[in-house]
Amino acid sequence: MTLFLVGCNSSSDDTSGGDSQSSGDSVQLELTTLTSCSVDDPTAPTEADYRAAVAACSPIASQSSSSSQSTLSKDVTYFRINSSSQVKSYEAQSDGTFVYHYIGAGGDSGVASEVDGATRFDWDDSEAYTLITVLDEDAKTVSTLIYEYYYDGDTGQYETTYYSSLFGKDFTPTQCTQQDNPEFETNLTQEYAVTKTELASLLETECRVTLGGRYADFDTNRLIKAKDVYSGDGDGEYERFVFTDTDSTSRSGWYDFEIRDKDDVVDIAGEWMVDDDGVLLLALEEEGTEYIHQLHITATDGFTTMVKVFSQSDAYINQGFAEDVGSLSSLVFYSQEPDF
């Protein structure tokens, strides 16, 4: 499989994929020092109800000296992680538009404006809109209250709600290359052999960036909706991961997918699924050997996503390693075609 691995593709002048994080470096895993304002679940709230909730949340501003109710800054990427570990990113642009992304899909857009101290996003081809008021901020994050007027597919009509949320701001995801095998799956030695238990510890203590204690996971429906996810080397080359909703004929609960190169030529095909823990699984046969690759999100801003890959194969077992042992590598996902 031709994956653009971090150790093979990052360069000192490439900032599009973040900085490489070596085993000797230190990284801040929790982004925020803030807390969200506690609000009750509203029932069909109006904008007036929302603004009353904003006013009631104002005491939260005492947490930092820079605090005040405000709008989102323009041309800055903000991302949030919801209770389902889904990432949503917004960027209000200077030309009065905005771009909305989430892992696996991007490019939704509309009109951005400022109304009564809140940033308003009106979605293209829809009556839906979102209001976001910044209540507090620190160096890397903001605490907000969000109002949504949205179409509910279950009720067949527009509904309203509001809720509090933390956002990361202007965040550059960092690659976590700890314990990566420079020879990837072609050769596994004891030095680079990692168990699942060791992987879980590595993700928690050295790799996975959280926002308010939450971290990002993959989501089946979003990958199907997106269909295409890109992985690039930051130097002009990239691959396109094509996730279909076609059921695999060989694996129950899995779907077919392909990896295509920049010229749209199929490099390799296999099966994919997202497990109950939000881990993206890729099953691929390479030179007669089957590999199962487990992809874990370590850091993201919704546009650019850092991924830690844990690869397992019978080839490793044949080398004398235990069944729970694998090889680590890293790659970068982009929500839209990279502009290298």
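The values are calculated or read from the model by the stated rules, or taken from the named source; none is laboratory data. Treat the numbers as computed from the prediction; the structure is a model and nothing was measured. FYI the Cβ positions are ideal-geometry reconstructions off the backbone, even for glycines, and counts take in every protein chain you see. Accessible surface areas use protein heavy atoms only, side chains included; no ligands, DNA or RNA. Shrake-Rupley method; radii C 1.70, N 1.55, O 1.52, S 1.80 Å.
From the residues in segment 287-304 that are loosely packed, with under 15 Cβ neighbours inside 10 Å and not small (G, A, S), which one is modelled with the highest pLDDT?
Out of the qualifying residues, it is E290.
When the residues of segment 141-198 are narrowed to those that are among the small types (G, A, S) and within 26 Å of S330 (Cβ to Cβ), which ends up modelled with the highest pLDDT?
G168
Hey, can you tell me all the residues within segment 284-340 that are in a helix (DSSP H, G or I) and hydrophobic (A, V, I, L, M, F, W, C)? Full working, then the answer.
As a first pass, look at segment 284-340 and keep what is in a helix (DSSP H, G or I): 314-318.
Across segment 284-340, the qualifying residues are A315, I317.
Failed condition for A216, given (1) over 27 Å from Y316 (Cα atoms); (2) touching a Phe, Trp or Tyr at 6+ places or on another chain (Cβ under 7 Å); (3) assigned to a loop (DSSP other than H, G, I, E, B); (4) not basic (K, R), with all others met?
Result: A216 fails condition (2) only.
Take the conditions at pLDDT below 95 and aliphatic (A, V, I, L, M) and apply them to L202. Does it pass?
Here the answer is no, as L202 does not meet what is asked.
Give me the pairs, please: first residue somewhere in segment 242-271 and in contact (Cβ under 8 Å) with a residue 40 or more places away in the chain, second residue anywhere and aliphatic (A, V, I, L, M) and in a loop (DSSP other than H, G, I, E, B), beta-carbon distance under 6 Å, and either six or more positions apart or on two chains.
Note: pairs meeting the criteria are I268/M1.
Of the conditions (1) of a type outside the set (A, V, I, L, M, F, W, C); (2) touching an Asp or Glu at 6+ places or on another chain (Cβ under 8 Å); (3) farther than 21 Å from S126 by Cα, Y162 clears all except one; give me its number.
(3)
Out of A193, A200, A216, A226, I need the residue that is over 23 Å from the mean Cα position of the chain (by Cα) and among the small types (G, A, S). Which one?
A193
Residue under question is D277, and the condition is that it be over 20 Å from P173 (Cβ atoms), open to solvent by 40 Å² or more (accessible area, probe 1.4 Å), touching a Ser or Thr at 6+ places or on another chain (Cβ under 6 Å) and of a type outside the set (S, T, N, Q); does it hold?
no
Filtering segment 37-52 down to residues that are part of a loop (DSSP other than H, G, I, E, B) and open to solvent by less than 50 Å² (accessible area, probe 1.4 Å), which residue is nearest to Y149 (Cα to Cα)?
Taking segment 37-52 and keeping what is part of a loop (DSSP other than H, G, I, E, B), we get 37-46.
After this cut, where a residue has to be open to solvent by less than 50 Å² (accessible area, probe 1.4 Å) as well, the list is 37, 39, 42, 45.
Details: C37: 20, V39: 18, P42: 13, P45: 10 Å.
Per the stated criteria, the residue is P45.
Pairs under 6 Å by beta carbon, first residue more than 20 Å from I297 (Cα to Cα) in segment 186-204, partner modelled with pLDDT of 90 or more and assigned to a helix (DSSP H, G or I), six or more apart or different chains?
Once the first residue is more than 20 Å from I297 (Cα to Cα) and sits in segment 186-204, its partners that are modelled with pLDDT of 90 or more and assigned to a helix (DSSP H, G or I) give L188/Y316.
May I ask you to list pairs of residues, at least six apart or on different chains, whose Cβ atoms are under 6 Å apart, with the first in segment 160-175 being among the small types (G, A, S) and the second being open to solvent by 30 Å² or more (accessible area, probe 1.4 Å)?
What qualifies is S164/S36; S164/V39.
Among the residues of segment 152-181, what is the count of those that are β-branched (V, I, T) and not in a loop (DSSP other than H, G, I, E, B)?
Filtering segment 152-181 for residues β-branched (V, I, T) gives 155, 160-161, 172, 174, 177.
Within this subset, residues satisfying the condition of being not in a loop (DSSP other than H, G, I, E, B) are 160-161.
Selection size over segment 152-181: 2.
Name every residue in segment 98-124 that is modelled with pLDDT of 95 or more and over 25 Å from S58 (Cα atoms), in order of residue number.
V111, D122
With D122, D136 as the choices, which residue is in a strand (DSSP E or B) and either open to solvent by 40 Å² or more (accessible area, probe 1.4 Å) or at positive phi (or both)?
D122
Is it the case, given these coordinates, that R240 is closer than 18 Å to T304 by Cα and open to solvent by less than 50 Å² (accessible area, probe 1.4 Å)?
When the stated conditions are applied, R240 passes them.
Only one of E114, E127 is part of a strand (DSSP E or B) and charged (D, E, K, R). Can you tell me which?
Result: E114 is the single residue among E114, E127 that is part of a strand (DSSP E or B) and charged (D, E, K, R).
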